[in-house]
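Notes for the one structure printed next.
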Amino acid sequence: MEILRHVVLLVHLVGFAILFGSWVVEAAARRFQATRLMDLGLLIALLAGLALSAPWGLDHDLNYTKVAIKLVILVVIGALAGISRSRAKKGTPLPVWTFWLMGVLILTNAGLAVIWR
C-alpha cells in the first residue's frame with residue numbers, strides 16, 4: 001500500500017511540475033497568460049492531491065487544515081487560469097500582476113507541502 005501511495009505522490013509532483021513549468025515558460029516568453037498545459041497540470045495535481053488526502057496506507061493522522069488550505073489555493077489558481085484563458089479568447093488579456101500572482105500561489109502551494117509538517 002505504501003508503494004501505491006508513493007506512486008500517487010509522484011503523479012502529484014508531476015502535476016506540479018507541469019503547472020509550474022508551463023507557467024515559467026509563459027513568463028519567460030512574456031506572454032503572461034494561462035495555457036491548456038497549465039490546466040492539465042492543475043487537474044493532475046488536484047486529482048492526485050485528493051487521492052493523497054484519503055487516509056489509506058497511513059499510520060498517522062493527516063493534517064486536514066493543511067489539505068484544506070492547499071485545496072483553496074489550488075481553486076484560486078484554477079480560477080485565475082480560467083479567467084485568463086477566457087479573457088484571452090475575447091482579446092482582453094489578464095493584467096500582468098494576476099499572472100505573477102498565479103506563480104506566487106503555485107510556489108506557495110508547493111512550499112506549504114514541503115515546509116508545513
- Query: Taking a probe of 1.4 Å, how large is the accessible area per residue of the chain, in Å²?
  - Reply: 61 Å²
- Applying 1/(1 + (r/R0)^6) with R0 = 25 Å to the Cβ-Cβ distance of residue 31 and residue 10, what FRET efficiency is obtained, to the nearest 0.05? 0.30
- FRET efficiency for residue 101 and residue 60 from the Cβ-Cβ distance with R0 = 35 Å, rounded to 0.05, comes out at 0.55
- Query: Relative contact order for the chain: what is it in percent, counting Cα pairs under 8 Å that are at least 6 residues apart?
  - Reply: 30 percent
- Roughly how many percent of the accessible protein surface of the chain is carbon and sulfur, given a 1.4 Å probe and a whole-percent answer? 72 percent
- Query: Short version: ³J(HN,Hα) in whole Hz for each residue of the stretch 35-44, in order, from phi by Karplus 6.51 cos²θ - 1.76 cosθ + 1.60 (θ = phi - 60°), x for Gly and Pro, what are they?
  - Reply: 10, 5, 5, 4, 4, 5, x, 4, 5, 4
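The values are calculated or read from the model by the stated rules, or taken from the named source; none is laboratory data. If you're wondering where the values come from, they're calculated on a predicted model, not measured in any experiment. Neighbour counts run over all protein chains shown; Cβ positions are idealised from the backbone, glycine included. Ligands, DNA and RNA are stripped out before the accessible areas are found, and what is left, the full protein with its side chains, is counted by its heavy atoms. Shrake-Rupley method; radii C 1.70, N 1.55, O 1.52, S 1.80 Å.
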